[in-house]
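Participant: Let me begin by handing over the structure; questions about it come next.
The values are calculated or read from the model by the stated rules, or taken from the named source; none is laboratory data. Please read these numbers as outputs of a predicted model, since none were measured by experiment. In this analysis, Cβ positions are derived from the backbone assuming ideal geometry, glycine residues included, and neighbour counts consider all displayed protein chains.
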Amino acid sequence: MTRKWSWGLALAPCALAGVLGFSQQATANDDVTMSTSLTSVAQSSTVNLLDLGTGNGPGLVSQETVRFGSDSSAGTISYSGTSGIYMGNVAGITAAPWTPGGIESRNYFATQPGGAITIDYAKNQQYFGIMWGSVDSYNSLSFYNNDRLVESVSGRDVTRNPAGNQAASGTYFANFNFSSDASFNRVVFSSSTPAFEFNMIAYSTQTQAITPNEVAKAGPLTGPQSVSVPVNAAPVAGSPLLLGLLGWWRRRRKQVAA
């Protein structure tokens with residue numbers, strides 16, 4: 001058997017663009033279903049959304065470990081290398097995702113080469129959704145149950161042409177449903193080249209209905225329960241040198257404290 005894939009459309013600010021609608025042979029778990037959607041991430045009372053807030057200007061906003069939720073939604077988000085929470089466009093480093101209302105003006109995640117972004121959950125989850133910005137072939141998303149790899153996908157699984165398009169046709173809502181036998185409690189984002197940008201993280205302990213062909217919503221989401229993620233660090237100018245120094249300084253500070 002092969003795992004089930006369903007493609008919808010890329011985002012567009014005013015009109016729908018680029019019907020993909022093809023199937024693709026894939027390896028790994030046939031208990032995992034992925035679909036891309038104009039609708040956004042799933043919306044129901046059991047879905048939780050992470051809200052990253054807004055920084056003060058373009059650049060790296062924070063690399064502090066984030067703790068969120070409670071009970072089934074409890075978890076942490078941690079970073080390595082120069083991966084972290086960013087805002088705006090930083091030339092050669094990262095580009096903000098596109099939203100139904102235009103370029104993302106709020107904070108978002110960006111995974112950089114040599115590092116990763118890891119989400120750990122206190123309980124197993126069966127649904128995961130993100131806004132995947134400027135999809136590239138070298139973007140990689142891996143789901144684990146403790147140390148066991150459940151599923152891994154790349155930008156090539158999202159679109160036929162993962163060329164890093166930074167406009168409406170390059171950003172996708174990617175939704176994943178897992179059977180109870182294939183549930184996950186850890187998600188790892190990585191990228192061999194700058195960068196894997198994503199936002200609007202949604203998750204649930206239950207599988208969710210996805211409607212790939214529904215018209216995009218221009219306004220904010222109203223269905224999911226929002227989990228606010230505080231980001232208090234001041235933005236840092238987005239040069240590679242400064243980003244590297246910031247990552248080294250934070251690691252050094254933790255070593256000294258230990």
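Participant: Could you list, in sequence order, the residues of segment 97-108 that are touching a Ser or Thr at 6+ places or on another chain (Cβ under 8 Å) and buried (at least 18 other Cβ atoms within 10 Å of the Cβ)?
Facilitator: 97, 98, 99, 100, 107
Participant: Just for segment 109-122: of the residues that are small (Gly, Ala, Ser) and in contact with a helix residue (DSSP H, G or I) (Cβ under 8 Å, 6 or more places away or on another chain), which one is surrounded by the most Cβ atoms within 10 Å (Cβ to Cβ)? Before the answer, list the steps.
Facilitator: Of segment 109-122, the ones small (Gly, Ala, Ser) are 110, 114-116, 122.
The next check asks that each one be in contact with a helix residue (DSSP H, G or I) (Cβ under 8 Å, 6 or more places away or on another chain); those that pass are 115, 122.
Working: 115: 19, 122: 14.
In this case the residue turns out to be 115.
Participant: Further, regarding this structure: Among the candidates 144, 138, 79, which residue alone is surrounded by fewer than 23 Cβ atoms within 10 Å (Cβ to Cβ) and touching a helix residue (DSSP H, G or I) at 6+ places or on another chain (Cβ under 9 Å)? Full working, then the answer.
Facilitator: Details: 144 fails: touching a helix residue (DSSP H, G or I) at 6+ places or on another chain (Cβ under 9 Å); 79 fails: surrounded by fewer than 23 Cβ atoms within 10 Å (Cβ to Cβ).
Going through 144, 138, 79 in turn, the sole match is 138.
Participant: Can you go through 221, 241 and tell me which one is outside any strand (DSSP E or B), under 17 Å from the mean Cα position of the chain (by Cα) and at pLDDT below 50?
Facilitator: Of the residues listed, the single one that is outside any strand (DSSP E or B), under 17 Å from the mean Cα position of the chain (by Cα) and at pLDDT below 50 is 221.
Participant: Test of understanding: among 120, 136, which residue is in contact with a strand residue (DSSP E or B) (Cβ under 8 Å, 6 or more places away or on another chain), within 19 Å of residue 63 (Cβ to Cβ) and acidic (Asp, Glu)?
Facilitator: The conditions single out 120.
To keep it simple, each residue is scored yes or no on (1) farther than 24 Å from residue 186 by Cβ; (2) without any contact (Cβ under 8 Å) to a residue 40 or more places away in the chain; (3) touching a Leu at 6+ places or on another chain (Cβ under 6 Å).
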{"site": "44", "(1), (2), (3)": "no, no, no"}
{"site": "58", "(1), (2), (3)": "yes, no, no"}
{"site": "66", "(1), (2), (3)": "no, no, no"}
{"site": "74", "(1), (2), (3)": "no, no, no"}
{"site": "83", "(1), (2), (3)": "no, no, no"}
{"site": "98", "(1), (2), (3)": "yes, no, yes"}
{"site": "115", "(1), (2), (3)": "no, no, no"}
{"site": "119", "(1), (2), (3)": "no, no, no"}
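Participant: Can you list the strands (runs of 3 or more DSSP E) lying wholly within segment 14-107 that have 2 or more residues being at pLDDT 80 or above and of a type in the set (Gly, Ala, Ser)?
Facilitator: 59-62, 75-79
Participant: Might you check whether a residue that is within 15 Å of the chain's Cα centre (by Cα) and hydrophobic (A, V, I, L, M, F, W, C) occurs anywhere in segment 154-165?
Facilitator: Checking segment 154-165: at least one residue is within 15 Å of the chain's Cα centre (by Cα) and hydrophobic (A, V, I, L, M, F, W, C).
Participant: If I go through segment 135-169 residue by residue, how many of them are at pLDDT 90 or above and of a type in the set (D, E, K, R)?
Facilitator: So the count comes out to 4.
Participant: If you don't mind, another one. Return yes or no: is residue 127 out of contact with any helix residue (DSSP H, G or I) (no Cβ under 9 Å at 6 or more places or on another chain) and not small (Gly, Ala, Ser)? Working first, answer last.
Facilitator: Numbers: out of contact with any helix residue (DSSP H, G or I) (no Cβ under 9 Å at 6 or more places or on another chain): yes; not small (Gly, Ala, Ser): yes.
It is true that residue 127 is out of contact with any helix residue (DSSP H, G or I) (no Cβ under 9 Å at 6 or more places or on another chain) and not small (Gly, Ala, Ser).
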